[in-house]
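The values are calculated or read from the model by the stated rules, or taken from the named source; none is laboratory data. Bear in mind the structure is a predicted one, so any value in this text is a computation, not a measurement. As a convention, Cβ positions derive from the backbone with ideal geometry for all residues, glycine included, and neighbour counts pool all protein chains shown. Surface accessibility is based on the protein's heavy atoms, side chains included, excluding ligands, DNA and RNA. Shrake-Rupley method; radii C 1.70, N 1.55, O 1.52, S 1.80 Å.
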Amino acid sequence: MIQSWMVIGAVTFLIAVGSFFITPRDVKWFARLTRPRWLVFEPLIPLIWTVIFVCGAASANIVWQHNPGSLRSWIFMGLFLLLEIITISYIPLMLRWRSLRIGEIIGSIGAILGVLLTIAVFPISKLAALLLVPYLIWSPVGAYTTEELIQLNPQDA
């Protein structure tokens with residue numbers, strides 16, 4: 001029998017892989033942007049997001065296990081899915097439109113949804129809410145970094 005964590009993990013993985021549909025021309029635009037000197041951890045960002053998505057999938061599984069198959073659990077799965085889609089869309093949309101402002105908007109929407117989801121999950125499981133904390137910590141870092149990129153590259157805002 002297929003376990004819920006397998007389905008949640010597979011969906012999380014497939015959505016993340018979907019973000020790789022970026023043309024090289026788009027990547028070149030982003031690569032040429034001036035970066036803040038303090039952004040020395042940029043090579044670690046994919047690893048950081050991997051940890052965040054694993055934590056999010058674990059959180060979703062805990063919520064699902066609380067009341068599997070109920071309408072409320074399906075609604076929560078939809079919210080987890082929406083949060084991942086918004087998060088994953090940050091780079092492709094920003095690169096596609098070559099607009100750091102688009103990235104800032106998408107990141108802000110994700111941060112707000114992340115906070116709301118964490119608050120909603122807390123009564124179901126404190127552990128599930130705790131597993132969303134890495135997202136809540138990293139989202140402001142991403143927003144600040146994007147804002148710094150806008151300041152350093154106003155022509156690409």
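Would you confirm, using the coordinates I've provided, whether Arg35 is open to solvent by 50 Å² or more (accessible area, probe 1.4 Å), among the charged types (D, E, K, R), part of a helix (DSSP H, G or I) and out of contact with any Lys or Arg (no Cβ under 8 Å at 6 or more places or on another chain)?
Details: open to solvent by 50 Å² or more (accessible area, probe 1.4 Å): yes; among the charged types (D, E, K, R): yes; part of a helix (DSSP H, G or I): no; out of contact with any Lys or Arg (no Cβ under 8 Å at 6 or more places or on another chain): yes.
Considered against the rule, which asks whether it is open to solvent by 50 Å² or more (accessible area, probe 1.4 Å), among the charged types (D, E, K, R), part of a helix (DSSP H, G or I) and out of contact with any Lys or Arg (no Cβ under 8 Å at 6 or more places or on another chain), Arg35 comes out as no.
A single entry from Ile119, Ile105, Ile62 fulfils the requirement of being closer than 24 Å to Phe13 by Cβ and either of a type in the set (Ser, Thr, Tyr) or assigned to a helix (DSSP H, G or I) (or both): Ile62. Note on region 93-102: residues that are assigned to a helix (DSSP H, G or I), free of Cβ contacts under 8 Å to residues at least 60 places away in the same chain and surrounded by fewer than 18 Cβ atoms within 10 Å (Cβ to Cβ) amount to 3.
What are the residues in region 38-48 that are open to solvent by 30 Å² or more (accessible area, probe 1.4 Å) and touching a residue at least 24 places away in the same chain (Cβ under 8 Å), if any?
Hit for region 38-48 is Ile48, nothing else.
Comparison of Val11, Val7 shows that the only residue that is assigned to a helix (DSSP H, G or I), farther than 30 Å from Asn153 by Cα and free of Cβ contacts under 8 Å to residues at least 12 places away in the same chain is Val7.
Of all the criteria given as (1) open to solvent by less than 50 Å² (accessible area, probe 1.4 Å); (2) over 21 Å from Arg96 (Cβ atoms), the one not satisfied by Leu149 is (2). Just give me the residues in region 125-146 being buried (at least 18 other Cβ atoms within 10 Å of the Cβ) and in a loop (DSSP other than H, G, I, E, B), in sequence order. Residues satisfying the conditions are Leu131, Leu132. Looking at this structure, is Gly69 outside any helix (DSSP H, G or I) and open to solvent by 30 Å² or more (accessible area, probe 1.4 Å)? Yes: the conditions hold for Gly69. Among residues that are acidic (Asp, Glu) and under 19 Å from Met6 (Cα atoms), Glu148 is not included.
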